[in-house]
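Structure record follows, encoded as structure tokens.
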């Protein structure tokens, strides 16, 4: 037998030696790849100052809101995929800037001006174009069950922005708008046996419900409302009717009668756990621990999150994105896992998630402004929030008023 392709027996010996060397190198070096993408924790995490990474991400977002053309272009790109992202990118940026101003008060005049610009623009869009402007097209697929028609997704996001602004600094007009908004949300929630309200036709989303409750708690601190009794009733209902019995995690979506639609979802539960820190700290810690057990993963030093626990088969949607085959990694769940890990001081998981971000997010810096090319304005705003969160929640929990 003649082996021509590899130059005879010696050629095959060289081939197999080469393959063995490649395998050995892979075994040795692959577990170390993450080391080259590890960041110094002080770059994205600080108790007393704004981390350098946060300052660079914020710089780009502030620039967008100062330049109408840049803002218009960025908004158009977001809305092509999901109009919700337009609204959520605003609320995460407002929350971020308020945290940054609380941490470094010298920033306050400029940050307040940007926050007010965002809030006024959002309120104008709501007033002129209605809630459907910030919703996916399927909001028109069938009638809402409540009248007048509103979306709790829109109400809760706007309430978060108003509440954060009023905690930072009182403002007569925003104070009243906040009181009106949270009272409206409570009245609408009261009409449901499970104290829930629609974000889409007969779809109640835990993400929006808990964001609304967090806004109520901030309003109680900032403008003197009192939602303590209502929150206690909601917690009782959530424990008994809105929790997945297999995992102990809260359902992500359900009907106004409490019928489950989607089980525990990674792109929902991390923010839910964070929001619950203002509502029930023990429940918040419990939900984060369960989410870590069910959804968090680490591979060769890289951290990520799955969209669904192994006990629940759920769909991929525009928020979660298609899972990475073989890993079941979700970009949406992994991004919001950064918020959860930061909020609950889970330094090990946070470092692993940031390592993955620096490897797969393709960071690009220009003129001191940082963006992630594999992300978008919402994704970067979530990342910004994960690096600066803390002071706002702490001020509300302490009961301090502006």
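The values are calculated or read from the model by the stated rules, or taken from the named source; none is laboratory data. Please read all numbers here as calculations on a predicted model, not as lab measurements. Note that each Cβ is placed from the backbone with ideal geometry, even for glycine, and that neighbours are counted across all protein chains shown.
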_I need the full set of residues from the range 357-387 which are part of a helix (DSSP H, G or I), over 15 Å from residue 52 (Cα atoms) and modelled with pLDDT under 90, in order please._
357, 359, 360
*asked:* Condition first: more than 16 Å from residue 84 (Cβ to Cβ) and surrounded by 24 or more Cβ atoms within 10 Å (Cβ to Cβ). Now tell me which residues in the range 194-209 satisfy that.
replied: 195, 196, 197
*Hey, could you check the range 122-137 for residues that are touching a helix residue (DSSP H, G or I) at 6+ places or on another chain (Cβ under 9 Å) and either exposed (fewer than 14 other Cβ atoms within 10 Å of the Cβ) or in contact (Cβ under 8 Å) with a residue 40 or more places away in the chain (or both) and say which is farthest from residue 46 (Cα to Cα)?*
137
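Please enumerate the residues belonging to the range 51-60 that are touching a residue at least 24 places away in the same chain (Cβ under 8 Å) and part of a helix (DSSP H, G or I).
So in the range 51-60, the residues touching a residue at least 24 places away in the same chain (Cβ under 8 Å) come out as 51, 53-54, 56-60.
If the condition is that a residue be touching a residue at least 24 places away in the same chain (Cβ under 8 Å) and part of a helix (DSSP H, G or I), then 53, 54, 56, 57, 58, 59, 60 are the ones that fit.
Each row is one residue, and each column tells you yes or no for (1) outside any helix (DSSP H, G or I); (2) in contact (Cβ under 8 Å) with a residue 60 or more places away in the chain; (3) under 20 Å from residue 168 (Cβ atoms).
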{"residue": "62", "(1), (2), (3)": "no, no, yes"}
{"residue": "76", "(1), (2), (3)": "no, no, no"}
{"residue": "80", "(1), (2), (3)": "no, no, no"}
{"residue": "90", "(1), (2), (3)": "no, yes, yes"}
{"residue": "93", "(1), (2), (3)": "no, yes, yes"}
{"residue": "100", "(1), (2), (3)": "no, yes, yes"}
{"residue": "108", "(1), (2), (3)": "no, yes, yes"}
{"residue": "114", "(1), (2), (3)": "no, no, yes"}
*Residues of the range 252-301 being exposed (fewer than 15 other Cβ atoms within 10 Å of the Cβ) and touching a helix residue (DSSP H, G or I) at 6+ places or on another chain (Cβ under 6 Å), which ones?*
300
